[in-house]
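Accompanying notes for the structure given below.
The values are calculated or read from the model by the stated rules, or taken from the named source; none is laboratory data. Because the structure is predicted, anything quoted here is derived from the model rather than measured. Neighbour counts run over all protein chains shown; Cβ positions are idealised from the backbone, glycine included. Accessible surface areas use protein heavy atoms only, side chains included; no ligands, DNA or RNA. Shrake-Rupley method; radii C 1.70, N 1.55, O 1.52, S 1.80 Å.
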Amino acid sequence: MQDSLEPRHEFWVGQRVHVLGDPRRIGTVKYVGPVEGYSDTWVGVDWDNGEGKHDGSVNGVRYFHAKSERSGSFVRAHNLNQGISLLEALESRYKSDSTKDEEDEMYVLSTSNQRVSVQLLGKDKIQDKLRRFEELTSVSLSYMGVSSPGIPSQINNTVPNIKELDLTGNMLSEWKDIGIICEQLPALRTINLSNILMSPYKTDLPILKIIQVLVLNNTGVDWQQVELLRPSLTTIEELHIMGNNISRILPTSSSMVQGFDYLRLLNLEDNCIDEWNEIMKLSQLRCLEKLYLNKNCLNSLFYPDNKEQHESEVTCYKPFQNLCRLLLGNNNIGDLASVDSLNLFPNLVDIRLSENPITDSRKGGVPRFVLIARLAKVQILNGSEVTPRERKDSEIRYVRLVISRLHTSPEEIKQHPR
C-alpha cells in the first residue's frame, strides 16, 4: 500500500522514514538541504540497522552526526516514505487481497516471544469477518510503516474491540501517539511496540492505564523511562524490555522499585546487567512471579538474610516472596554458592542456569544431577521437568559422589549445604 500512496516530499529533522517499498528499512531524518557537488535537495538519514555509507559527512563537509561511522546516507526525497496512519495500515492489511506471505505475518507475540497466529488468518468465512472491522480483536500491523494514529475518533469508531495490537517495527516514536491509540481502544489490553525507536518520555503522560501486557523490546527504553511511565501503568501485569542495553535499575523515590502492584512477569533478557544488587532492587515487587534475566552479564547471585536492608522497607515481607520462575541462562555465573542461594527463595521452583560456566563441563561446571540434588525445591530445570524419579536418582548419585570424596578430603562436607 505504501507504494500506491502518493508520497509527500516535505521532510524535517527528527522525522521517522523508511525506504520506499521497504518498510523494514527505517531511519531518522538528520538533515534536509543541499549537498556540495550535487544538485537539488537531499535528505540525510541515520539508519536504525546501521547500514549506510558514512557518518554524516561527505568530502570533508559535515552535514549531520550519525550514530556510527557508516549508519548515515543521503537519499532523494522521492525514494523515501513518510509512513501511513494506523487505519490506513488496517485497510491495507485486512481489507486488501493478501498474499500468503502477508498472511503468515499475521500474528501476535506470546509472553515467551513465540508467534501466536491471530484468529484472522485464512480466506472463506474469515475473509468476510476481516471486512467487518468492529469484530477484530487481535491485530498485527508489524512493519507496515505506521507513522501516526490518524484521526483519533475514527480509530474508536472503526475498530472498537481490539484487545491485542502488534505494532512491531513501525515508525511511531512519540509516547503521545501511543497514548492516543490506547485511549481510543477501550478494550486494548496487550500492545507490542518492539523494534520501534521510542523517543524519551517528556511531558503529558500517555494514557496506558488499561494496558496489562506491554512489550518494549529493542526500543531503547531504559529503566528511568520505565519509572517515568510507572504512574500510567497501574494495571500492568507483564512488562517486556529485552535488548535495551539496560545496566542499572534506577528507582526514583526509594532504594527499591515501588508500585507495579499487579506485575507478575518482568522480562529483562538480553541487557547488560552485571551486578545482582541491581536485581535486588526488584525484590519488593509483591506480585512478581516470573523474572527473566537470560543473556545478561551476571557473575553471581545471593538471597539476603533477614538483617539486610532489602526487607526493612516493607516489614514482614520476604524478598521475592512470590517469585516462582527465575531464568538466568547465558550469564557468567560460575560458583556453587550462587546455586545454593536459590534454595532460599521462598517459592522458586522453575530455574534456568544453562549456558553459564557453572553448567559448562569444559569450564569446571557441574552436571544436571548435581544441580538437582543441590536445589531442593526445583521442579523445572533448564526448561525440563524434574520428575520424582529423576530427583531420587540424582540425590543418590550425588550422595555417593560426596562420600567418595570425603575419604580423601574430610573438609569436603562443608561445601555441600544439603
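Worth pointing out:
- Yes/no for residue 160 being modelled with pLDDT under 95, closer than 25 Å to residue 231 by Cβ, not in a helix (DSSP H, G or I) and not aliphatic (A, V, I, L, M): no
- Leading residue by the ranking (most open to solvent (accessible area, probe 1.4 Å)) among those in the range 345-366 that are closer than 16 Å to residue 391 by Cβ and out of contact with any helix residue (DSSP H, G or I) (no Cβ under 7 Å at 6 or more places or on another chain): 349
- Within the range 209-230, residues that are on the phi > 0 side of the Ramachandran plot sit with their Cβ atoms under 9 Å from residues that are among the hydroxyl-bearing types (Ser, Thr, Tyr) and at pLDDT 95 or above, at 6+ positions apart or across chains, in these pairs: 218/194.
- Here residue 79 meets the list (1) among the polar types (S, T, N, Q); (2) modelled with pLDDT of 90 or more; (3) farther than 17 Å from residue 171 by Cα almost entirely, failing just condition (3).
- Residue within the range 60-69 that is loosely packed, with under 15 Cβ neighbours inside 10 Å and hydrophobic (A, V, I, L, M, F, W, C) present: yes
- Residue selected from the range 400-418 under the condition assigned by the TED database to the domain that holds residue 339 and touching a residue at least 12 places away in the same chain (Cβ under 8 Å), by the criterion most open to solvent (accessible area, probe 1.4 Å): 401
- Residue 312 closer than 29 Å to residue 256 by Cα, among the hydroxyl-bearing types (Ser, Thr, Tyr), at pLDDT 95 or above and surrounded by fewer than 21 Cβ atoms within 10 Å (Cβ to Cβ): no
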